[in-house]
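The values are calculated or read from the model by the stated rules, or taken from the named source; none is laboratory data. Quick caveat, the model's predicted, so the values are computed rather than measured. Every residue, glycine among them, receives a Cβ derived from its backbone with ideal geometry; neighbour counts consider all protein chains shown. Please note that ligands, DNA and RNA were not included when accessible areas were found on the heavy atoms of the full protein model with its side chains. Shrake-Rupley method; radii C 1.70, N 1.55, O 1.52, S 1.80 Å.
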Amino acid sequence: MSGQFDFCSHGKKVLDTELHALEKIRDYINNSFTLACELILHCQGKVIVMGMGKSGHIGRKIAATLASTGTPAFFVHPGEASHGDLGMIKKSDVVIAISNSGEAVEILALLPVIKRLGIAMISMTGKPESSMAKMAQVNLQITVDKEACPLNLAPTSSTTATLVMGDAVAISVMEARGFTADDFALSHPGGALGRKLLLRIADVMHSGELLPMIEEHASIKDALLEISHKGLGMTAIVDHNQQLRGIFTDGDLRRLLDNHIDIHNTSIGEVMSNNPQTISPQLLAAEGLKLMEDNKINGLLVTENNQLVGALNMHDLLKAGVL
């Protein structure tokens, strides 16, 4: 059966139907859209999203998108709201009620209380003449000609249109709010972007007893022991005040061995690399990664006013999830 049925053709037909629906949704980005965005932007409380069935699933995603882009928001199930969760909603909040028909009885049962409390409401419906649309301050129209379902029953085009309208609202409000990548990172601390925008050099560097460091009068042999013991593939060279003088790396060692240098009697100060790349502990770990990549090096020394305070290498950034 699967060999005879043209799944690709039917799949493309679904996409064509839904793309046509989205083209129509563009016409509903109008003054009502502006009013809805302004209500959300100036909301002094939270945005409460409601919806039943498939509209509820889409509503959860819209609430999550709003929350992650600078607008405090969460989803409340209309059925649960009727049994106590309505207490989560305050006069300073804004409600977004979603129903393609605009006649979801579970939401309609809540509207008298919402209106009595003076809570602003935005409806998202496919029928602007519906009960929900008429009771809302603003109705965002999400009408589609037909569902992608051949029976015109399963919510498909309509839920896609709702989701896209929700995205349009959330991102428009985000831009009006001046929401930045740094703000986004604060609400996504566990994600890759959060790590790149929040993690500082000080958070990943080796310091104290773990910091590879030796004074410039020490021998090359002593430097090698320090590199081996601290495991960063390098050691900093400092004076007696811990002011940075240079660096010695595994690569420097290979070059010395080619030149048959006496590692027992030659001081590290004679063979160290001067003016090593350094970075401030307050800079982002991602900036440290770029510095290493640009200079084709595997490690960095961390300084404040030329005083050595830390060190890190590519492996540290990899473990931290920055790389």
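For residue 13, which aspartates and glutamates qualify as cross-link partners when the Cα separation must be under 14 Å and same-chain residues fewer than eight apart are set aside? Of all the aspartates and glutamates, those that pass the test against residue 13 - Cα under 14 Å, at least 8 places apart if same chain - are 147.
The alpha-carbon atoms of the stretch 103-169 define a convex hull whose volume equals 89 cubic angstrom per residue. Going through [x] 1.25; [y] 0.97; [z] 1.00, the figure that equals Rg/Rh (Cα atoms, Kirkwood Rh) as computed for the structure here is [x].
Using the Cα gyration tensor of the stretch 1-59, with a ≥ b ≥ c the square roots of its eigenvalues, what is the shape: rounded (a/c below 1.5), prolate (a/b larger than b/c) or oblate (neither)?
oblate
Most simply put, the chain has about 40% antiparallel DSSP beta bridges, counting only bridges with both residues inside it.
Rounded to whole numbers, the Karplus 3J(HN,Hα) couplings from phi for the stretch 32-48 are 4, 4, 4, 5, 5, 4, 5, 4, 6, 4, 9, 4, 8, x, 10, 9, 9 Hz, using 6.51 cos²θ - 1.76 cosθ + 1.60 with θ = phi - 60°, and x at Gly and Pro. In the chain, a dipole from Cβ-located charges (positive for Lys and Arg, negative for Asp and Glu) runs towards its positive end, and of 253, 56, 184 it is 56 whose Cα lies farthest in that direction. On a 0 to 90° scale, report how tilted helix 53-68 is relative to the longest principal axis of the chain, with both axes built from alpha carbons and the result rounded to the nearest 10. Tilt relative to the chain: about 40 degrees. Of all aspartates and glutamates in the structure, those lying under 18 Å Cα to Cα from residue 90, and not within fewer than 8 positions of it along the same chain, are 80.
Is the stretch 279-323 best put as rounded, prolate or oblate by its Cα gyration tensor, with a ≥ b ≥ c the root eigenvalues, rounded for a/c under 1.5, and otherwise prolate when a/b is larger than b/c, oblate when not? Judged from the Cα gyration tensor, the stretch 279-323 comes out prolate (a/c at least 1.5, a/b above b/c). Only one residue of 278, 317, 207 has its Cα farthest out toward the positive end of the dipole of the chain, where Lys and Arg carry +1 and Asp and Glu -1 on Cβ, and that residue is 317.
Within the accessible area of the stretch 22-67, what % is carbon and sulfur when the probe is 1.4 Å and the other protein chains stay in place? Please report the intermediate quantities before stating the final value.
Working: 1210 of 2340 Å².
Its accessible area is 52 percent carbon and sulfur atoms.
Only Cα sites of the stretch 1-141 enter the Debye sum here, all with the same form factor; the resulting log10 I(q)/I(0) across q = 0.12, 0.15, 0.16, 0.20 1/Å is -0.52, -0.74, -0.82, -1.21, listed in q order. Taken over the stretch 223-264, the ratio of Cα radius of gyration to 2.2 N^0.38 Å equals 1.22. Using the Cβ of residue 33 as centre and a radius below 11 Å, the other residues enclosed give a net charge of -1, where K and R count +1 and D and E count -1.
Averaged per residue, the chain has 53 square angstrom of accessible surface, using a 1.4 angstrom probe with ligands and nucleic acids left out.
In the stretch 239-323 the Cα-Cα distances spread across 10 Å bins starting at 0 as 16, 43, 31, 10, 0 percent of all pairs. Simple point charges give the picture: +1 on the Cβ of Lys and Arg, -1 on the Cβ of Asp and Glu, and for the stretch 196-316 a dipole about the Cα centre of about 300 debye.
Any idea what the dipole of the chain comes to, in debye rounded to 20, about its Cα centre with Lys/Arg Cβ at +1 and Asp/Glu Cβ at -1? Intermediate values should be presented prior to the final figure.
Values: 27 positive and 35 negative charges, 293 e Å.
Charge dipole, the chain, about its Cα centre: 1400 debye, nearest 20.
Treating each Cα of the stretch 257-298 as an identical point scatterer and summing with the Debye formula, the log10 of I(q)/I(0) at q = 0.26, 0.29, 0.32 Å⁻¹ comes to -0.90, -1.02, -1.14. Residue pairs exceeding 32 angstrom between C-alpha atoms, taken from 12/134; 12/46; 24/134: 12/134; 12/46. Cross-link partners for residue 221 among the lysines, with Cα-Cα distance under 21 Å and sequence neighbours closer than 8 places in the same chain left out: 230.
Place a +1 charge on the Cβ of each Lys and Arg in the stretch 16-60 and a -1 charge on the Cβ of each Asp and Glu, then give the dipole magnitude about the Cα centre in debye, rounded to the nearest 20. Could the numbers behind the result be given before it?
Values: 5 positive and 5 negative charges, 56 e Å.
Its charge dipole is roughly 280 debye.
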